[in-house]
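What follows is a short report on a single structure.
The values are calculated or read from the model by the stated rules, or taken from the named source; none is laboratory data. Worth saying up front: this structure is predicted, and the values here are computed from it rather than measured. Cβ sites come from the backbone with ideal geometry, for glycine too, and all protein chains shown count toward neighbours. Ligands, DNA and RNA are stripped out before the accessible areas are found, and what is left, the full protein with its side chains, is counted by its heavy atoms. Shrake-Rupley method; radii C 1.70, N 1.55, O 1.52, S 1.80 Å.
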Amino acid sequence: MKKFAAILTAVVLCLGLSSCQGITASKKLSPVEVVNTFMEAFQQGNYEGIKPYISADNPLHLFFAGIDETKGGDLSAAYQTLYEKLKTVTFTAEAVEGEETWGAVNVTLSVPDFSEELHTAMAEALVEQVENSSTAFHDMPSWISTAVQSEKTAGQETMKIYVGNRDGAEVMDTNTNRDFFEMLCGGLEPYLDASMTTCTFPEGDVWEIAAHGDEIVAMINTQKLEAGAEYSAEELEAFAPFYIEQYNGMDGVTANAKVQDGVLLTAFGVDMANASTTALENMGIISDRITSGSMGWLSLDSTIKGFESDGAECVTEYFKTMETEQEE
């Protein structure tokens, strides 16, 4: 009886201690197992299964929030379409010999990247709006949807990623593994915090600005000039081709001008990925009103402040809520 009681006591003590051989509170995964578990959860759309292995600043939080119709807003359909293509990702993961201590894992991914399609769709929408006075550029959800519906062959890439321990949990750090997580977003990562800002001046001058975070990536300016005491309708008609001609030959810039019912309507659009900042400065497009930030890009925040100080009213749209469980 005493022997049985001693065994029972030992079992109880062992259950209370994670150090007992063969009995642990939870199984610690190896770096390769972490990657495999994470990737399988991604393939299944299991956000809850992904969260334990990524930090709060990971772009996948916003990506999966976008898939949710209650948070994704007008962009949720595009997110869902893209994810259906991304979840077919294939992968292999193996430990890097000699770097096991550092949690290094070589991962080979085969996943489609829609970066070029997204830029092309944006650029085409910009031209469409400038030439036809439409809302194609402003309608960000539409041209993002167009891009992600494209047929795309998955590219393959091998990269080294790192799994580290943070507060006792195995986590893949966002900054250390940024390229890996960007690949899993299929080229959409820059658009996770994209916005469209409209700044309207009292005299009718309007700027529509697309940005990734604080970086301006494209913009359209439109103006109206009515015939009257200063200019006749004939003079406005004569000025229209001159307006277009001054932008001819400028990379990344498209312009249009036409007279309707005695009103000259002018518009020019700029795709910053293809435009020359020097040429834009020489034209006066980039000035104290549209300004560069400290990071070397055209700053949305600085530009809005400059416009508003000149009397413009600016409204920024995100087309989706930016809330995630981490932020709530």
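For residue 198, are the conditions met, namely being polar (S, T, N, Q), touching a Ser or Thr at 6+ places or on another chain (Cβ under 7 Å) and touching a residue at least 60 places away in the same chain (Cβ under 8 Å)? No.
For (1) farther than 21 Å from residue 160 by Cα; (2) in contact with a strand residue (DSSP E or B) (Cβ under 9 Å, 6 or more places away or on another chain); (3) modelled with pLDDT under 95; (4) not hydrophobic (A, V, I, L, M, F, W, C), each residue gets a yes or a no:
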| site | (1), (2), (3), (4) |
| --- | --- |
| 10 | yes, no, yes, no |
| 27 | yes, no, yes, yes |
| 34 | no, yes, no, no |
| 46 | yes, no, no, yes |
| 49 | yes, no, no, yes |
| 72 | yes, no, yes, yes |
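Kindly indicate whether any position in segment 221-229 is surrounded by 16 or more Cβ atoms within 10 Å (Cβ to Cβ), within 18 Å of residue 305 (Cα to Cα) and in contact with a Ser or Thr (Cβ under 9 Å, 6 or more places away or on another chain). Yes, the conditions are met somewhere in segment 221-229. Filter segment 247-278 down to residues that are part of a strand (DSSP E or B) and not aliphatic (A, V, I, L, M) and give me whichever is nearest to the chain's Cα centre (by Cα). So the residue we want is 271. If only residues of segment 69-119 that are open to solvent by 40 Å² or more (accessible area, probe 1.4 Å) and among the aliphatic types (A, V, I, L, M) are counted, the one that is nearest to the chain's Cα centre (by Cα) is 77. For residue 264, indicate whether it is modelled with pLDDT of 85 or more, surrounded by 18 or more Cβ atoms within 10 Å (Cβ to Cβ) and out of contact with any strand residue (DSSP E or B) (no Cβ under 6 Å at 6 or more places or on another chain). No.
Looking across 214, 179, one residue alone is surrounded by 15 or more Cβ atoms within 10 Å (Cβ to Cβ), under 23 Å from residue 79 (Cβ atoms) and of a type outside the set (Gly, Ala, Ser). It is 214. Being touching a His at 6+ places or on another chain (Cβ under 8 Å), farther than 30 Å from residue 208 by Cβ and among the hydrophobic types (A, V, I, L, M, F, W, C), is that true of even one residue in segment 104-121? The answer is no, given that none of the residues of segment 104-121 is touching a His at 6+ places or on another chain (Cβ under 8 Å), farther than 30 Å from residue 208 by Cβ and among the hydrophobic types (A, V, I, L, M, F, W, C). The residue list 177, 165 contains one member that is in contact with a strand residue (DSSP E or B) (Cβ under 8 Å, 6 or more places away or on another chain), at pLDDT below 95 and polar (S, T, N, Q), which is 165.
For segment 271-298, the candidate set comprises residues that are within 17 Å of residue 222 (Cα to Cα) and touching a helix residue (DSSP H, G or I) at 6+ places or on another chain (Cβ under 7 Å); within that set, the residue that is modelled with the highest pLDDT is 271.
Remark: pairs (first residue in segment 147-162, farther than 24 Å from residue 124 by Cα and among the aliphatic types (A, V, I, L, M); second residue assigned to a loop (DSSP other than H, G, I, E, B) and at pLDDT 90 or above; Cβ separation under 8 Å; 6+ apart in sequence or on different chains) = 161/176; 161/177.
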